[in-house]
Each structure stands twice: as C-alpha cells, then as structure tokens.
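Asker: What follows is a single structure, and I will ask about it in a moment.
Bear in mind that the values in this text are calculations on the coordinates, not laboratory data. Since the structure is predicted, the reported quantities are computational estimates derived from the model, not experimental observations. Every residue, glycine among them, receives a Cβ derived from its backbone with ideal geometry; neighbour counts consider all protein chains shown.
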Amino acid sequence: MGMSKHSATTAPPSTSAPAPPPDATAPAPRHWLRAGWVMTASGWSANQFSALLGAYRSDLGLTTAGTTALFGIYVLGLIPGLLLGGPLADRRGRRPVVFLALGTSALATCLLMIGPTASAFLWPGRFLTGIGAGALLAAGSAWITELSSPPHGTAPNPGVAARRSGLFLSAGFATGGLAASLIAQWAPHPMVTAYVPHLVLTAVAALCAARAPESSPARSGTESAAVASVAPEERRAPARAFRRMVAPVAPWVFIAPAVAFATLPGLVDGELKGWETVYAGVITAVTPGAGIIVAPFARSLAARHRVATGSIGLAAVALGLLVSALAAAQAQPVIALLASVVLGAGYGLCVAYGLTEVAALAPPHQLARLTSYFWTMAYLGFLAPYVITLFTGVFSPPAILIGAAVLAVVTLAAVTVRAEN
C-alpha cells in the first residue's frame, strides 16, 4: 500500500517524446480565400452595369447624361453603405454585415433586370447596388485582412493581408464587366441575361463565406470598456495620419477606372461600328486586369519607401489621363485601350497603397471603420465621369482630361512632401 501511495503522488518521468501540436503538420487554413469571394461579388456587381452603358443608350434610348447619372447614383448608395457598414461590422462582427450586404446586392441586381421593361427600376437598382457594395467593401476588406493574419492565417505582415482584398475586388471588376458585355452582345434579352451570372456568383460567395469563421466577434461590455479606455490622443493618431497620407490618394483609386469605363468608350465609339458593347466590356476587363498584374510590385515598392507605391500609382494615373486626352482628341479606340491599361496600373498601385496604410494605421477595433473611410473617399472618384460631363459644355474632353492629369501631379507632389516631412 505504501508503494502504491508513493506511486500515486510521484509520477515517474516520461521517457516518450512530447506529442507534436495537433496542427503542427497540417496546412494553414485558408479562411481568407473563402471570404474573398464576397469582394469578387462586390466588384462584379459594380462593373456589370458599366459595360452595358452603351446598350442602355442605344436600346433604351437613354441619354449620355442619363446613363452617366445612373453610373454616379451608385456612389450615392455606396457612401452610406460604407459609413454604416464599417462601424456596424466593428460592433456586430464581419459575418452579419457581409451576409446582409450580399442579400441587398442580389435584390439590386433583380431590380436592374426589370429595367428594360420599366426603366424607373434602374435608379433604385443602382442605388441598392451601391449600398450592398459599400457594406461588402467595409466588412469584407476587414474580414479578409483579419483572416489572413494570425491567429487565423499566416500572412507575414498587414500589407500582404490587406492587398488580398484588393486583388479579389479587382478580379470582380475585370470579369464582371467582360462577362456582361459578351452576354449583352450575343445572348437573347441581353439586359436581363447579362445580370444572371452575378446572382450565381452571389450564391457561391455566400456558400463559401458561410464556412469562414468570424474574425471580430461582437464586443462584450468588457471589450467595449477596454476600447473606451484608450487615450484620446491614441485614437486621434491614426485618423490624423489617414488624413495626411491616405485621404489625398484615395479618390484617384477610382477616378482612373471610372474614366476608363464610363468616359473613354463614349469618346471613341464613333469608330467602333456595332462593337461598342464588346469594346466597353474589354476595357472593363483590361483596366482592373492591369491593376492585378502590377499588384505584386506593390510590396517591393513599399519596401523601398513607405509612399513609393502611392507615388508611382499617382504618376501612372496622371500618365493615363494624358494618354486618354490624346485618345479623345483623335477618337482612336486603340489609344483609349492603351490609356485604360495605364490607368489600371495606377488604380492597382493606389488601392494597394491605401489598403496597406489602413491596415498599418488602424487598431483592431477600428479596422473596419477606417477601411470604410478609405473606400468612401476612393469611390468619390466614380463621380469623375459626371463631373467631366458637366464641364464638357465649357471645355473640350481632352482639355478636361489634361486638367485632371495636372491635379494628379499636384496630389503626388503633396503626398511626397508630407512623407519627407
């Protein structure tokens, strides 16, 4: 009994090797990949309409001003979607906002499908498209960034994690517009069937996202108290840096593709002779496609200097606007296509810079909020075609595009000087 008691209190040392952690040899989960499809659905929903602008003008008899206004009303819906979706995702979690936004986006597409029969439905359809896309951008960007980073993922730094959401968005931009234009050119009932792929993609994105975990669960009272205890100066620091270094670049993110999508095709379509819709679809694919191609260079540029990615992106936007002015002056579709490539490269670098800076600046409890601010300012650039239309009564399109290029250079100089200081 004594021996038994002794053995019960003093266990002999183990001679076996410690067992490895259960996931030591398992591949890292790729939850961010499952969540990424919601960003692709967001980009698709935005760009499927852009490729059909020419068809709406020719088939429904809408004016250039009317189609440009429909293009711009998307932004009016997107801004409240962003500004409400970001803070809501910080409070309630990423998943609830994402799924609500996916449902809103699907409803918007259904309204657009009614447009050929009752064109009045195009307006609420585009507005709801903006609301859904805005909430998806705010919550989805933060979700992918968090799922890419420890403990959910293995991204080496916030920049890599943040750039992934931009790549998924660009993929949606590129494929959505091209698919819609090809369907509209050859399929029956084109302005109805062109929207069907987005409904399918939305369903697939919802199924994939359902398997991704919540990365920022709704904060408890203790967590909220901890956030409230952060010193005011610490809370203001990210906002101050955002205003100085990110906000000036943000509008140029979408000024570049908006000019390529909505302005350039209308300036050169006299030479296209029945291929206007396909040409518009090619531009909507080529522009974000160029952004995807240059995205890998963003990391090496950022390693050389913090604002190098944004500076070179702004330089590319300025160059693309100058080439756009040349295309408009000569009404040359080939030159316009070249301009869209350069504008797309500028878009890709500027969006990579903005998302990387936001991920580096934002504390965890403010990530979705600050991300929503970035996307809000970026999407103001989608109003550029409407501004160009307003000024065409006073200035020629080439002159307006040259003026925009000058503004891009001024922004580049301001950001560079602030970085040096």
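Asker: Report, to the nearest 10°, how far helix 333-361 tilts away from the longest principal axis of the Cα atoms in the chain, using its own Cα long axis and a range of 0 to 90°.
Answerer: The helix 333-361 is inclined about 30 degrees to the chain.
Asker: Mind giving me the FRET efficiency for Leu60 and Phe297? R0 is 51 Å, r the Cβ-Cβ distance, nearest 0.05 is fine.
Answerer: The pair Leu60/Phe297 has a calculated efficiency of 0.75.
Asker: Still on this structure, please answer the following. Provide the per-residue ³J(HN,Hα) series for the stretch 74-84, in order, calculated from phi with Karplus coefficients 6.51, -1.76, 1.60 and θ = phi - 60°, each as a whole number of Hz, with x at glycine and proline positions.
Answerer: Coupling constants for the stretch 74-84: 4, 5, 5, x, 5, 4, x, x, 6, 5, 8 Hz.
Asker: Just to be sure I understand: if I project the alpha-carbon convex hull of the chain onto a plane and average over all orientations, what area do I get in nm²?
Answerer: Spelled out: convex hull of the Cα atoms, projected over all directions, averaged, 26.7 nm².
Asker: In addition: What FRET efficiency comes out for Ala241 versus Ala187 if R0 is 41 angstrom and r is the Cβ-Cβ distance? Round to the nearest 0.05.
Answerer: After rounding, the FRET efficiency stands at 0.25.
Asker: Still on this structure: Quick one: Karplus J couplings for the stretch 315-330, per residue in order, coefficients 6.51, -1.76, 1.60, θ = phi - 60°, nearest Hz, x for Gly and Pro?
Answerer: Going residue by residue, I get 4, 5, 4, 4, 5, x, 5, 5, 5, 4, 4, 5, 4, 5, 5, 9 Hz, with x marking Gly and Pro.
Asker: Roughly how many debye, to the nearest 20, is the charge dipole of the chain about its Cα centre, given +1 on each Lys and Arg Cβ, -1 on each Asp and Glu Cβ, and no other charges?
Answerer: 880
Asker: Once R0 is set to 51 Å, what does the formula 1/(1 + (r/R0)^6) return for the Cβ-Cβ distance between Lys273 and Leu84, expressed as a FRET efficiency to the nearest 0.05?
Answerer: Result of the calculation: an efficiency of 0.65.
Asker: Right, next: On C-alpha positions alone, give me the angle between the axis of helix 158-186 and the longest principal axis of the chain, in degrees, nearest 10.
Answerer: Rounded to the nearest ten degrees, it is 40.
Asker: For the chain, modelled as a Gaussian network with Cα springs under 10 Å, which listed residue fluctuates most, Ser42, Ser215, Ser372?
Answerer: Maximum fluctuation in the GNM of the chain, among the listed residues, is at Ser215.
Asker: Hey, in the GNM for the chain with a 10 angstrom Cα cutoff, which one of Ala133, Ala316, Ala247 fluctuates hardest?
Answerer: Ala247
Asker: Calculate the length of the line joining the C-alpha centroid of the stretch 335-365 to that of the stretch 30-94, in whole Å.
Answerer: Value for the Cα centre distance between the two parts: 17 Å.
Asker: Taking the chain as the reference, fit the longest principal axis to its C-alpha atoms, fit the long axis of helix 276-304 to the helix C-alpha atoms, and give the angle between the two in degrees, 0 to 90, nearest 10.
Answerer: 40
Asker: Most mobile of Gly81, Gly274, Gly266 per a Gaussian network model of the chain (Cα springs, under 10 Å)?
Answerer: It is Gly274.
Asker: Take the Cα of His305, step 7 Å along the line toward its Cβ, and report every residue of the stretch 395-420 whose backbone nitrogen sits under 17 Å from that point.
Answerer: Only 409-420 fall inside the zone, counting backbone N under 17 Å.
Asker: Same structure, new question: Per the helix-only calculation at 222 nm, which mean residue ellipticity applies to the chain, given -39500 (n - 2.57) for every DSSP H run of n ≥ 4 and division by its residues, nearest 500 deg cm²/dmol?
Answerer: Calculated from helices alone, the mean residue ellipticity at 222 nm is -25000 deg cm²/dmol.
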